[in-house]
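Colleague: First the structure, then my questions, so here it is.
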Amino acid sequence: MANTLILIQPTTDKSSREYHDYESIALGMEGLCEFYESRLRLLHPGKASFSYSASDLFEFIDSVPEIICLTMNTRYHSYMTHSREWIKRSVFDYLKKKSSPSK
């Protein structure tokens, strides 16, 4: 398991910067989906449930002023930096695994 940090600035206000620490990449991608869902609840407070596509989530990832993912490289005992495109591929892989039936 690779310790995973997601650093995000969801608005243009620099004080909105926050980070989230996860025990694995999969948990980090799940956390990013939950973060997106919490943003949807803030934007639509009266709505009981939400459905969204991977494209909607990708648009969100592209729209935030800053987002970066860091994963621990245990071989070198340092964090590797990952781009928005890596985050989108990883969240897509996470959603694909989540939606496929368990064996």
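The values are calculated or read from the model by the stated rules, or taken from the named source; none is laboratory data. None of the values given here were measured: they were computed from a predicted structure. In this analysis, Cβ positions are derived from the backbone assuming ideal geometry, glycine residues included, and neighbour counts consider all displayed protein chains. The accessibility values were calculated without ligands, DNA or RNA, using every heavy atom of the protein model including side chains. Shrake-Rupley method; radii C 1.70, N 1.55, O 1.52, S 1.80 Å.
Colleague: What label, among (1) 30, 21, 9; (2) 29, 21, 11; (3) 23, 19, 11, belongs to semi-axes √(5λ) of the Cα gyration tensor in Å computed from the structure on display?
Modeller: Given (1) 30, 21, 9; (2) 29, 21, 11; (3) 23, 19, 11, the calculated one carries the label (3).
Colleague: Would you work out what percent of the accessible area of the chain, with all protein chains in place, is carbon or sulfur (probe 1.4 Å)? Intermediate results must be reported in sequence, preceding the final value.
Modeller: Values: 3740 of 6980 Å².
The value for the chain is 54 percent carbon and sulfur by accessible area.
Colleague: Still on this structure: Rounded to the nearest 500, what is the 222 nm mean residue ellipticity of the chain from helices alone, with -39500 (n - 2.57) per DSSP H run of 4+ residues and division by all residues?
Modeller: On the way: 3 runs with 45 residues, N = 103.
When only DSSP H runs of four or more count, the value is -14500 deg cm²/dmol.
Colleague: Sticking with this structure for a sec: Quick check for the chain: number of Lys pairs with alpha-carbon distance under 29 Å, counting only pairs 8 or more apart or on different chains?
Modeller: 10
Colleague: Ratio of segment 39-82's C-alpha Rg to 2.2 N^0.38 Å, to two decimals? Mind showing how you got there, number by number?
Modeller: Details: Rg = 15.8 Å, N = 44, 2.2 N^0.38 = 9.3 Å.
Its radius of gyration relative to the 2.2 N^0.38 Å reference: 1.71.
Colleague: For the peptides 75-88, 3-16, 38-51, 21-34, what is the packing order when you average, over each peptide's residues, the other Cβ atoms within 10 Å and list the highest mean first? Spell out each step's value before the answer.
Modeller: Details: 75-88: 12.4, 3-16: 14.5, 38-51: 9.6, 21-34: 17.4.
Top to bottom by mean Cβ count within 10 Å: 21-34, 3-16, 75-88, 38-51.
Colleague: Leaving out ligands and nucleic acids, note down the accessible area per residue over the chain with a 1.4 angstrom probe, in whole Å².
Modeller: Details: 6980 Å² over 103 residues.
That works out to 68 Å² for each residue.
Colleague: In whole percent, what relative contact order does segment 1-86 give with Cα contacts below 8 Å and a gap of six or more residues? Intermediate results must be reported in sequence, preceding the final value.
Modeller: Values: 110 pairs, mean separation 29.7, N = 86.
Once divided by the residue count of segment 1-86, the mean separation gives 35 percent.
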